[in-house]
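The values are calculated or read from the model by the stated rules, or taken from the named source; none is laboratory data. Being a predicted model, the structure only gives us computed values, none of them experimental. Cβ placement follows ideal geometry from the backbone for every residue including glycine, while neighbour counts extend to all protein chains displayed.
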Amino acid sequence: MIRYALCCDRDHDFDGWFASSETFDRQLAAGEISCPHCGSPDVRKALMAPNIAKGAGRSGGADTPAEIAHKMSMMMLALKKHVEENCDYVGDAFAEEARRIHYGETEHRDIYGETTPEEARELIEEGVEVAPLPILPRGNAN
């Protein structure tokens, strides 16, 4: 894994973790990386200092649990925003619509909506690709 310090066109700083530099380049070119603060897809690598461990103790650049929790919240918010901006909302008809797409009864498109845990299990058993979206605490909704 490689961590990059990133910055958007509005000068919001954030970090991103990638399997390799090639993965970062591919995701950036595909428009899959966006700022977790404002959603801007105009992202670039920022200058960053190397993280050099100091002695046997904690490394100088290690994140605290609060910083990690904040970063995860920002990443979940960015994921939610990306899905809402790029997928069709189908409400409680999610399971039915996901099946129609999976079996080729309707044109493929990315969707999101609601379903029961039982319906989600049935979709997975049928081989329909589904994943739950994170539930964000109140106050982080947008």
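Within the stretch 84-115, can you find the residues that are closer than 16 Å to LEU133 by Cβ, among the small types (Gly, Ala, Ser) and not in a helix (DSSP H, G or I)? Of everything in the stretch 84-115, just one residue is closer than 16 Å to LEU133 by Cβ, among the small types (Gly, Ala, Ser) and not in a helix (DSSP H, G or I), namely GLY113.
Among the candidates PHE14, PHE18, the residue that is among the aromatic types (Phe, Trp, Tyr), buried (at least 16 other Cβ atoms within 10 Å of the Cβ) and touching a Pro at 6+ places or on another chain (Cβ under 8 Å) is uniquely PHE14. Taking the conditions exactly as written (over 29 Å from GLU126 (Cβ atoms) and at pLDDT below 85), does ALA29 satisfy them or not? The answer is no for ALA29.
In the stretch 21-48, the residues that are among the hydroxyl-bearing types (Ser, Thr, Tyr) form Cβ pairs under 9 Å with partners that are surrounded by 13 or more Cβ atoms within 10 Å (Cβ to Cβ) and assigned to a helix (DSSP H, G or I), at six or more places apart or across chains, as follows: SER34/ALA78; SER34/LYS81; SER34/HIS82. From the list LYS81, LYS71, LYS54, the one residue that fits, being closer than 25 Å to VAL128 by Cα, at pLDDT below 90 and not assigned by TED's automatic domain parsing to the domain that holds GLU129, is LYS81. All conditions in (1) surrounded by 12 or more Cβ atoms within 10 Å (Cβ to Cβ); (2) under 26 Å from GLY31 (Cα atoms); (3) in contact with a helix residue (DSSP H, G or I) (Cβ under 8 Å, 6 or more places away or on another chain) hold for ARG109, with the sole exception of (1). The set of residues in the stretch 105-128 that are free of Cβ contacts under 8 Å to residues at least 12 places away in the same chain and under 29 Å from ILE33 (Cα atoms) comprises THR106, GLU107, HIS108, ILE124.
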